[in-house]
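The values are calculated or read from the model by the stated rules, or taken from the named source; none is laboratory data. Note that the structure is a prediction, hence the values are computed from the model and not measured. Glycine also receives a Cβ, built like all others from the backbone with ideal geometry; neighbour counts cover every protein chain displayed. These area figures cover heavy atoms from the full protein model, side chains too; ligands, DNA and RNA do not enter into them. Shrake-Rupley method; radii C 1.70, N 1.55, O 1.52, S 1.80 Å.
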Amino acid sequence: MTKARRPSVLGWIALVLSTPAAAHQGPDPVFHWAFSPRSVSAGVAAARLGPDLNLPSTARVIADAGGYCLDLTGGSERAEARLSDELAEGLPSEALTVSVWVAIDEAESHGGLVALADAEADDGGPTWKLGYNDSCFTFAVTDAAEATTTRLVGQTPYEKGQWRHVVGVWDGARIDLYIAGVLDASVGTTGAG
């Protein structure tokens, strides 16, 4: 019997607010995890910013040509960060950028890389998922205030085992998907004024 395989490797993840900071040009990150033997211990990845990430029992840090990464191959569990009420209140509600470095070893029809799933999304804030299907990267945003979900499927097939920088951007009116710094797909969000 063959075990189901998860998205294999995550290098680092960052979620950014759309509010400009006074000290630099651009938004401030809300979450940031980098995976190395120093930052991962006893099933927890220490956050550089935001809450720590609880890892599935099958997760392991491995060395590769670029340094270290988190291997999630072989398990069906997910890594999860619990947000405090204070941190949840500061999440973006009108725009966001999500960025990951990832290599997919095994395709899935609805794989997830990083997501915000709010079980009580009636507060007007969005939920979102940066992921992949059996051939391309995907990005979806649900706007609870508008009661709409917009899904975007990239145009460029990923190559299994090849590292890619994948970025999802939502500005309240459109969602964009970038692969290696190049716009791969874009669509207006449903219900945008």
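Some values worked out for this structure:
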item: Matching residues in region 88-113 - criterion: being at pLDDT 80 or above, open to solvent by 50 Å² or more (accessible area, probe 1.4 Å) and among the polar types (S, T, N, Q); result: S109
item: Residue that is nearest to W163 (Cα to Cα), among those in region 51-68 that are open to solvent by less than 40 Å² (accessible area, probe 1.4 Å) and part of a loop (DSSP other than H, G, I, E, B); result: A59
item: Among residues of region 177-193, those that are at pLDDT below 95 and either basic (K, R) or assigned to a strand (DSSP E or B) (or both), counted; result: 2
item: Any hit, region 146-157, residues being free of Cβ contacts under 8 Å to residues at least 24 places away in the same chain, open to solvent by 40 Å² or more (accessible area, probe 1.4 Å) and farther than 28 Å from D64 by Cβ; result: yes
item: Top-ranked residue of region 171-188 - restricted to ones that are among the β-branched types (V, I, T) and in contact with a strand residue (DSSP E or B) (Cβ under 9 Å, 6 or more places away or on another chain), ranked as surrounded by the most Cβ atoms within 10 Å (Cβ to Cβ); result: I175
item: Any hit, region 33-43, residues being in a loop (DSSP other than H, G, I, E, B), exposed (fewer than 14 other Cβ atoms within 10 Å of the Cβ), small (G, A, S) and at pLDDT 85 or above; result: yes
item: Pairs with Cβ under 6 Å, 6+ apart, first in region 164-190 and on the phi > 0 side of the Ramachandran plot, second part of a loop (DSSP other than H, G, I, E, B) and open to solvent by 20 Å² or more (accessible area, probe 1.4 Å); result: G172/E94
